[in-house]
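Visitor: Can you keep this structure in mind? I'll have questions shortly.
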Amino acid sequence: MEILSSVGRNGINRHNDVIVVQRLLKNLNYNVGVLDGLCGERTIHAIELFQRAFFGHIKPDGLVEPNKLTWKKLCGENLNTVEDTSLLTTLVDKPKKGAINVGLVAVDNVLMLSLLGNPRESYTEKDQPITNEALKRNMITSSVGPFKATGLSLAVESLRLVLEEVKREQPLVYGLLGSDGMKVCRLQRKSSKLISNHSWGIAIDITLNGKRDKCGDNKVLYGIALIAPIFCKHGWYWGAAFRKEDAMHFEASKTLVESWSKALGLGKK
């Protein structure tokens, strides 16, 4: 079974292709009405419902395209084979703001300085050593599964637990994971005063099959979108929700940092 062109919202909607998609949806108990080969609102709505069921918080586009994610899932294919790794680096729309980081609060410089102290006295946009001795003593380098990470000890341990669950739930994504840095003591990009949360070793930039997710395009790599709910479940805030989308970035939420500060005895005395 195949379709030759796109079906759904803004699709080409060839008569025979639409019938194929309608039949597949109907077989899965989605209401498409009569199998008439006409792509109306009922068919598009059924496609969106199907996408929500399989792709969770990713915004449905109501479109089925040959050999793309929705078509493969519609045909019952399992996206856990080596042949599907290219699909995991496909760009999809970032989820709606209210669908991610539910119950989590992002940290800012004021809170970080209060809870963990100042990593150093001065900063540039380049990575520099931590000079705060109390914070420095709590930095470790350890394997977290698919790569080694250097960061705050409790953050590294939390990251290891996150990636253990990723390995169980999304093994194909796990096999493609890499890091673009955890502890990087510097200013935020294009800022003269804001400190990057990487400076405290509580943030991680994730790569997928060696690819970096471009910042600010409101698109996310599908594989990263699949594992983002696992990070959020463990209290890590996803950068896809930042004002300038940064979907490769995950950082500890306010609740996590507060608990780590207390456990390690850091911050203002």
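Visitor: Kindly indicate whether E245 is under 15 Å from L163 (Cα atoms), open to solvent by less than 10 Å² (accessible area, probe 1.4 Å) and of a type in the set (D, E).
Guide: no
Visitor: So which residues in segment 26-60 are buried (at least 17 other Cβ atoms within 10 Å of the Cβ), of a type in the set (A, V, I, L, M, F, W, C) and farther than 28 Å from I224 by Cβ?
Guide: Selection gives V32, C39.
Visitor: Restricting the search to segment 140-149, which residues are open to solvent by 30 Å² or more (accessible area, probe 1.4 Å), of a type outside the set (A, V, I, L, M) and either part of a loop (DSSP other than H, G, I, E, B) or under 20 Å from R120 (Cβ atoms) (or both)?
Guide: Answer for segment 140-149, where residues must be open to solvent by 30 Å² or more (accessible area, probe 1.4 Å), of a type outside the set (A, V, I, L, M) and either part of a loop (DSSP other than H, G, I, E, B) or under 20 Å from R120 (Cβ atoms) (or both): T141, G145, P146.
Visitor: Same structure again: Being basic (K, R), closer than 19 Å to G98 by Cβ, open to solvent by 50 Å² or more (accessible area, probe 1.4 Å) and touching a strand residue (DSSP E or B) at 6+ places or on another chain (Cβ under 7 Å): is that true of K219 here?
Guide: The answer is yes for K219.
Visitor: If we keep just the residues of segment 178-200 that are touching a residue at least 40 places away in the same chain (Cβ under 8 Å), hydrophobic (A, V, I, L, M, F, W, C) and touching a Ser or Thr at 6+ places or on another chain (Cβ under 9 Å), which is least open to solvent (accessible area, probe 1.4 Å)?
Guide: C185
Visitor: Suppose we filter L256, L208 for residues that are open to solvent by less than 60 Å² (accessible area, probe 1.4 Å) and either under 12 Å from the mean Cα position of the chain (by Cα) or of a type in the set (F, W, Y) (or both); which single one remains?
Guide: Selected residue: L208, the only one of L256, L208 that is open to solvent by less than 60 Å² (accessible area, probe 1.4 Å) and either under 12 Å from the mean Cα position of the chain (by Cα) or of a type in the set (F, W, Y) (or both).
Visitor: Taking segment 12-48 only, how many residues are farther than 14 Å from L63 by Cβ, part of a helix (DSSP H, G or I) and in contact with a helix residue (DSSP H, G or I) (Cβ under 9 Å, 6 or more places away or on another chain)?
Guide: Counting residues in segment 12-48 that are farther than 14 Å from L63 by Cβ, part of a helix (DSSP H, G or I) and in contact with a helix residue (DSSP H, G or I) (Cβ under 9 Å, 6 or more places away or on another chain) gives 3.
Visitor: Then there's this: Report yes if N78 is modelled with pLDDT under 90, closer than 17 Å to S6 by Cα and open to solvent by 70 Å² or more (accessible area, probe 1.4 Å), otherwise no.
Guide: No; evaluated as a whole, the condition is false for this residue.
Visitor: Moving on to the next point. Take the conditions touching a residue at least 40 places away in the same chain (Cβ under 8 Å) and either closer than 23 Å to L266 by Cα or open to solvent by less than 10 Å² (accessible area, probe 1.4 Å) (or both) and apply them to L226. Does it pass?
Guide: no
The values are calculated or read from the model by the stated rules, or taken from the named source; none is laboratory data. Predicted model only: the values in this text are computed from it and were never measured. Note: ideal-geometry Cβ built from the backbone for every residue, glycine included; neighbour counts use all protein chains shown. Quick note on the areas: whole protein, heavy atoms, side chains included, nothing else; ligands and nucleic acids left out. Shrake-Rupley method; radii C 1.70, N 1.55, O 1.52, S 1.80 Å.
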